[in-house]
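Here is the structure we will look at.
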Amino acid sequence: MTTSSLTKTIMIDATPETVWAFLTDKDRLGEWYHPAAADLSTDYDYALREKGKDPSAEPTIWGQVLEMDPPRRLVTTFCIAPFGDRETTLTWTLDPVAGGTRVHLVHEGIAEAAGDAPLPLLMALDAGWDEHFANLRAAGKATRAAA
């Protein structure tokens, strides 16, 4: 049986509203993930580019915002070049905890989008999310310290 999704849960030293901004605000996305051309909003396409790349460059990640319930739940499609014309789904859930936020991510459909050899891509995405989440933790902590 193939596992076609990744599940990650982390704690952030920031309020759900602050974490929400990190997930949806074009400038905040660039602090921990990839810069966006515009703020994310429901039923609109989004495009994220590598840091330092020209805004007219091809996006690194793209998709559509399917659902927004601020500051609790965000659902988007997620496409990258190795998927070809196939897409996966990201579901973000933010829950307040004592003094911060529990961030839960489910990235579904990876094996189906990856084709014949999904394990290397699953492993790469798993490591990538770990790196991005470390950046998100640091950004949340810095925001709390500046407040």
#### Entry: Residues (without any contact (Cβ under 8 Å) to a residue 60 or more places away in the chain and touching a Phe, Trp or Tyr at 6+ places or on another chain (Cβ under 8 Å)) located in the stretch 110-147
113, 114
### Task
Can you confirm whether the stretch 65-81 contains a residue that is surrounded by fewer than 16 Cβ atoms within 10 Å (Cβ to Cβ), assigned to a helix (DSSP H, G or I) and modelled with pLDDT of 90 or more?
yes
### Task
Please work out if residue 101 is in contact with a helix residue (DSSP H, G or I) (Cβ under 6 Å, 6 or more places away or on another chain), under 25 Å from residue 10 (Cα atoms) and open to solvent by less than 40 Å² (accessible area, probe 1.4 Å).
yes
### Message
Take the conditions of a type outside the set (A, V, I, L, M, F, W, C), over 23 Å from residue 125 (Cβ atoms), more than 13 Å from the chain's Cα centre (by Cα) and modelled with pLDDT under 95 and apply them to residue 55. Does it pass?
### Response
yes
### Query
Do you know which residues across the stretch 13-60 are buried (at least 19 other Cβ atoms within 10 Å of the Cβ) and of a type in the set (Val, Ile, Thr)?
15, 18, 19, 24
### Task
Could you tell me whether residue 84 is in contact with a Gly (Cβ under 9 Å, 6 or more places away or on another chain), open to solvent by 40 Å² or more (accessible area, probe 1.4 Å) and not β-branched (Val, Ile, Thr)?
yes
### Of the criteria (1) surrounded by 18 or more Cβ atoms within 10 Å (Cβ to Cβ); (2) assigned to a helix (DSSP H, G or I); (3) in contact with a strand residue (DSSP E or B) (Cβ under 7 Å, 6 or more places away or on another chain), which one residue 139 fails
(3)
### Query
Out of the stretch 1-36, which residues are touching a residue at least 60 places away in the same chain (Cβ under 8 Å), over 22 Å from residue 121 (Cβ atoms) and among the polar types (S, T, N, Q)?
15, 18
### Summary
Of those in the stretch 106-136 that are surrounded by fewer than 18 Cβ atoms within 10 Å (Cβ to Cβ) and not in a helix (DSSP H, G or I), the residue nearest to the chain's Cα centre (by Cα) is 106
### Residue selected from the stretch 87-98 under the condition of a type in the set (Val, Ile, Thr) and within 18 Å of residue 66 (Cα to Cα), by the criterion least open to solvent (accessible area, probe 1.4 Å)
88
### Message
Restricting to the stretch 73-89, name every residue that is within 18 Å of residue 7 (Cβ to Cβ) and touching a Phe, Trp or Tyr at 6+ places or on another chain (Cβ under 8 Å).
### Response
73, 74, 75, 76, 88, 89
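The values are calculated or read from the model by the stated rules, or taken from the named source; none is laboratory data. Every value quoted in this text rests on a predicted model; they were computed, and no experiment measured them. Backbone-built Cβ (ideal geometry, glycine too); neighbour counts: all protein chains shown. Heavy atoms of the whole protein, side chains included, go into the accessibility calculation; ligands, DNA and RNA do not. Shrake-Rupley method; radii C 1.70, N 1.55, O 1.52, S 1.80 Å.
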